[in-house]
1. Would you mention how many residues in segment 148-157 are among the aliphatic types (A, V, I, L, M) and surrounded by fewer than 20 Cβ atoms within 10 Å (Cβ to Cβ)?
2. From (1) of a type outside the set (Ser, Thr, Tyr); (2) within 24 Å of LEU137 (Cβ to Cβ); (3) exposed (fewer than 14 other Cβ atoms within 10 Å of the Cβ), pick out the condition that doesn't hold for ALA21.
3. Being assigned to a loop (DSSP other than H, G, I, E, B) and farther than 17 Å from TRP43 by Cα is the requirement here; does ALA123 meet it?
4. Residues in segment 125-139 that are aromatic (Phe, Trp, Tyr) and under 10 Å from the mean Cα position of the chain (by Cα): how many?
5. Quick one: how many residues across segment 114-150 are more than 15 Å from CYS70 (Cα to Cα) and free of Cβ contacts under 8 Å to residues at least 24 places away in the same chain?
6. Within segment 111-160, how many residues are within 26 Å of ALA23 (Cβ to Cβ) and not charged (D, E, K, R)?
7. Taking the condition of being part of a loop (DSSP other than H, G, I, E, B) and either at pLDDT 95 or above or within 21 Å of GLU112 (Cβ to Cβ) (or both), how many residues in segment 164-175 meet it?
8. Identify, please: which residue in segment 86-136 is under 19 Å from ASP172 (Cβ atoms) and charged (D, E, K, R) and is, among those, surrounded by the most Cβ atoms within 10 Å (Cβ to Cβ)?
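The values are calculated or read from the model by the stated rules, or taken from the named source; none is laboratory data. None of the values given here were measured: they were computed from a predicted structure. With ideal geometry, Cβ positions are generated from the backbone for all residues, glycine too; neighbour counts draw on all protein chains shown.
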Amino acid sequence: MLKSFAAKLSDIHTHNPDAPANAVINLDRNGTMRHDRLYSVGWHPWWGEPDMEWVEQTAADPRVVMIGECGIDKLRSPLPIGRQLEITRSHALLAERLGKPLLLHIVGAWNEIIALRRSLKPAQPWIIHGFRGKPELARQLVNAGFYLSLGKKFNPLVPDVIPPERIFRETDDNF
């Protein structure tokens, strides 16, 4: 189901509000949605304490096709890891409730996100965006049920070790 949906997309994750109509634009907290676009919405770990009311209200809009970008960033988030995990869990439960994939920003928290996925046993796909890791980590994530989205700076050895139905493309240039 996710792959057939994503096959229609030119870009699964961008921050460019003028991206083509078949791209998923990550809506930031100050953005507005246009009627002819697709969006993802979530609270980025760099933003600090979340406004989950805004996330939940915005996520219910039919133009929002993914929940996120959300996640855990051990290098740049102002919040402790435990709080970031709680926020990510809230996003994951929202994704389940709305029946939408979860788009994840993960930096240095691979064990934590794998453990969270195992504990929640989600029905909705979880996509690691901007994956730059090594092939061994890619295999571990795919075996744990994740999908991977590759941007401009991916490890060139990674696409060969991931099943084609588990890879997406993106143009996120915010990192």
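1. 1
2. For ALA21, the exception is condition (2).
3. Yes: the conditions hold for ALA123.
4. Qualifying residue count for the region: 1.
5. 8
6. Looking only at that region, the number is 27.
7. Selection size over segment 164-175: 1.
8. This residue is LYS100.
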